[in-house]
Amino acid sequence: MNNMNANISASIRKLTLLFIALFIALSGGLVYWQVVVADQVTANIHNGRHCFSDVAPQRGRIFDRNGKLLAYSTLASNGCGYVRHYTDPSLAGLIGYYISPLFSSTGIEHQYEGYLDGSYGVTKLGNLVNQTLHLPPVGDDIYLTIDDRIQQAANSYFDKYAAAADNVNIFPSNRGSIIIMDPHTGEVLAMVSRPGFDPNRIAAGDLNYYNQLVKDPAQPLLERPINATYVPGSTYKTVTLMASLDAGTTQMSDLFYNDKDPNHPQAIGPIRIGGETFGPSGNNIIDFTRHYPVNVAYGFAHSDNIIFAQIGANLGINKWLDYNKRFYIGQPIPFDLPVTPSTVTPKNGQPLQLNGLAENSFGQGVDDVTPLQMSLFDNAVANNGTLMRPTLISKIVDPNGTILQSFSPQTLGTPISSQTAAQVRTAMLGVVRCGSGRFGDTGSVANPTMWTSPYQIIAKTGTGQVGGNKGAEAWVISQAPYSNPKLTIVSMKENAGEGGLVNGPIITQLYNYIFSTIPQYKMAPVESTDVNQLTAQDDNYCAQTGLLQ
């Protein structure tokens with residue numbers, strides 16, 4: 001009897017062990033197929049279940065800084081996964097687009113893929129449970145620094161307030177960028193790239209539309225503010241000025257003559273630098289300047305190339321390149337999206353020569369920069385010499401509403417002193433009050449101008465010559481108000497001609513709108529809106545400072 005009981009117990013133990021082994025094997029198989037290789041199985045084109053809603057991610061949403069919904073997903077009408085929707089197509093290049101796990105995404109949708117599809121960090125653990133229960137993975141929500149009210153205004157004003165083409169000084173263009181930033185935090189409040197595209201059509205799988213965009217010579221898929229580079233024209237005199245002032249090789253009061261005395265710096269030319277002749281063409285001041293010598297402030301206000309060729313040459317190649325490097329020239333800018341590096345050296349790898357430095361110093365030569373790069377220069381001047389990391393992401397929130405990451409302002413360095421920054425701001429005031437930022441503008445309601453804004457805009461204009469019978473690249477870099485800049489705006493239009501004439505009306509209306517409407521930046525007018533009174537004030541200022549003579 002005892003032997004029989006022992007045999008039965010041994011059989012039960014063996015059967016139990018068999019069930020345990022089978023359970024472990026089954027569990028291991030489930031873990032392997034549903035967790036370890038789940039992504040590969042889902043992505044396999046021969047797997048019919050890849051379109052089931054329980055394996056397609058319920059992608060996280062994207063909001064602006066105020067909680068306005070910018071991107072979200074809804075269940076597809078055929079039950080095969082989710083369809084992405086975008087509420088502001090002017091952000092198409094920045095946010096990008098997402099179609100499905102089987103296609104590549106772009107922009108924020110791509111850069112923060114792991115958060116948005118729930119496959120990264122703490123959210124991933126919750127989604128492992130969802131997968132075993134055949135529930136869709138749920139992604140994290142992302143909040144941008146973008147203020148969509150400002151974004152939509154910038155997108156509208158790009159066309160609405162652009163100066164009318166005359167095919168002499170101004171040429172028609174629907175291509176370009178606008179970047180609006182808070183220089184004290186580095187936050188991007190708006191980033192417009194034109195021409196744009198409709199991300200909803202791409203997300204819906206309209207391949208014909210996508211192929212048209214790829215073949216379009218205007219390159220609407222190119223995110224111009226961060227991935228297109230241009231000749232900066234005279235906006236780059238700001239870089240040469242800040243570098244030479246900071247290094248101590250130039251003072252704003254330094255004099256430039258028209259006496260052809262080889263012992264004197266010359267305002268008109270011709271002059272010889274590095275074996276190359278500069279001037280008299282390109283001096284920009286000969287048609288209206290009646291009295292010499294003129295100083296550096298005068299040369300900056302009226303954008304004189306000959307003066308800045310000499311300022312750059314006097315600073316020297318190594319010092320000039322050093323100050324450029326402080327602003328990430330020649331290297332990727334730290335940012336939430338990949339940025340094409342800007343360059344100021346020959347693309348053939350040869351070192352920059354003295355004559356090349358002279359050309360680069362007034363924004364021609366081999367200078368090739370992105371609009372975001374110009375924003376960095378602008379921001380450091382506005383922020384008393386401190387450069388903040390540009391940023392697009394405000395916070396990341398999990399599906400339960402818990403903040404996973406919150407991004408604080410981050411300093412990249414202090415490339416120039418506060419004294420230098422203050423001097424450059426005063427020089428930019430001279431541009432708007434007395435120089436290339438004022439003259440030629442009418443000040444009418446239909447063509448608003450920087451100098452008539454009640455919010456004291458300061459700026460540097462630029463007209464980058466590109467040759468080939470093409471219109472110049474039209475630029476303005478700006479700040480407001482002069483007494484304590486709260487915002488910077490960089491506006492550029494490709495091949496549109498004179499920078500101040502093209503972009504001045506656009507940025508004027510933007511500052512006027514933001515400072516009069518947006519609560520975070522709302523402020524009382526700094527100056528009168530009466531054009532006659534402003535004209536009298538400016539004429540007096542220009543006479544006292546010698547910025548007109």
- Message: Please count how many residues of region 509-520 are surrounded by 14 or more Cβ atoms within 10 Å (Cβ to Cβ) and in a helix (DSSP H, G or I).
- Response: 8
- Within region 521-538, the residues that are in contact with a Lys or Arg (Cβ under 9 Å, 6 or more places away or on another chain) and in a helix (DSSP H, G or I) are TYR521, GLN537, ASP538
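Restricting attention to region 204-237, report how many residues are of a type in the set (Gly, Ala, Ser) and modelled with pLDDT of 95 or more.
4
Got at least one residue in region 252-262 being under 26 Å from SER417 (Cα atoms), of a type in the set (A, V, I, L, M) and either outside any loop (DSSP other than H, G, I, E, B) or not assigned by TED's automatic domain parsing to the domain that holds THR426 (or both)? Quick ask: steps written out before the conclusion?
Here is the first cut: in region 252-262, the ones under 26 Å from SER417 (Cα atoms) are 252-256.
Then drop every residue that is not of a type in the set (A, V, I, L, M), which leaves 252, 255.
Of the ones still in play, those that are also either outside any loop (DSSP other than H, G, I, E, B) or not assigned by TED's automatic domain parsing to the domain that holds THR426 (or both) are 255.
Yes, region 252-262 has at least one match.
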- Message: Going residue by residue through region 191-198, is there one that turns out to be of a type in the set (Gly, Ala, Ser), in contact (Cβ under 8 Å) with a residue 60 or more places away in the chain and assigned to a strand (DSSP E or B)?
- Response: yes
- Query: Does region 266-278 contain any residue that is surrounded by fewer than 24 Cβ atoms within 10 Å (Cβ to Cβ), touching a residue at least 40 places away in the same chain (Cβ under 8 Å) and more than 22 Å from GLN364 (Cβ to Cβ)?
  - Reply: no
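For region 383-498, give me every one of the strands (runs of 3 or more DSSP E) that falls completely inside it and has 1 or more residues that are assigned by TED's automatic domain parsing to the domain that holds PRO338, surrounded by 24 or more Cβ atoms within 10 Å (Cβ to Cβ) and small (Gly, Ala, Ser).
On the way: elements: 393-397, 403-406, 411-413, 458-464, 473-480, 487-493.
Passing ranges, in order: 458-464, 473-480, 487-493.
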- Answer yes or no: is there a residue in region 279-291 that is touching a residue at least 60 places away in the same chain (Cβ under 8 Å), of a type in the set (S, T, N, Q) and in a helix (DSSP H, G or I). no
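Matching residues to (1) touching a residue at least 40 places away in the same chain (Cβ under 8 Å); (2) surrounded by fewer than 20 Cβ atoms within 10 Å (Cβ to Cβ); (3) in a helix (DSSP H, G or I); (4) not aliphatic (A, V, I, L, M):
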{"site": "SER303", "(1), (2), (3), (4)": "yes, no, no, yes"}
{"site": "ILE311", "(1), (2), (3), (4)": "yes, no, yes, no"}
{"site": "GLN331", "(1), (2), (3), (4)": "no, yes, no, yes"}
{"site": "PHE335", "(1), (2), (3), (4)": "yes, yes, no, yes"}
{"site": "GLY349", "(1), (2), (3), (4)": "no, yes, no, yes"}
{"site": "ASN360", "(1), (2), (3), (4)": "yes, no, yes, yes"}
{"site": "SER375", "(1), (2), (3), (4)": "yes, no, yes, yes"}
- Message: Condition first: part of a loop (DSSP other than H, G, I, E, B) and either touching a helix residue (DSSP H, G or I) at 6+ places or on another chain (Cβ under 7 Å) or modelled with pLDDT of 90 or more (or both). Now tell me which residues in region 160-174 satisfy that.
- Response: TYR161, ALA162, ALA163, ASN169, PHE171, PRO172, SER173, ASN174
- Item | Complete set of residues in region 292-301 that are of a type in the set (Val, Ile, Thr) and in a strand (DSSP E or B) | VAL294
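The values are calculated or read from the model by the stated rules, or taken from the named source; none is laboratory data. These figures come from a predicted structure and were not determined experimentally. We place every Cβ from the backbone using ideal geometry, glycine too, and count neighbours over all the protein chains shown.
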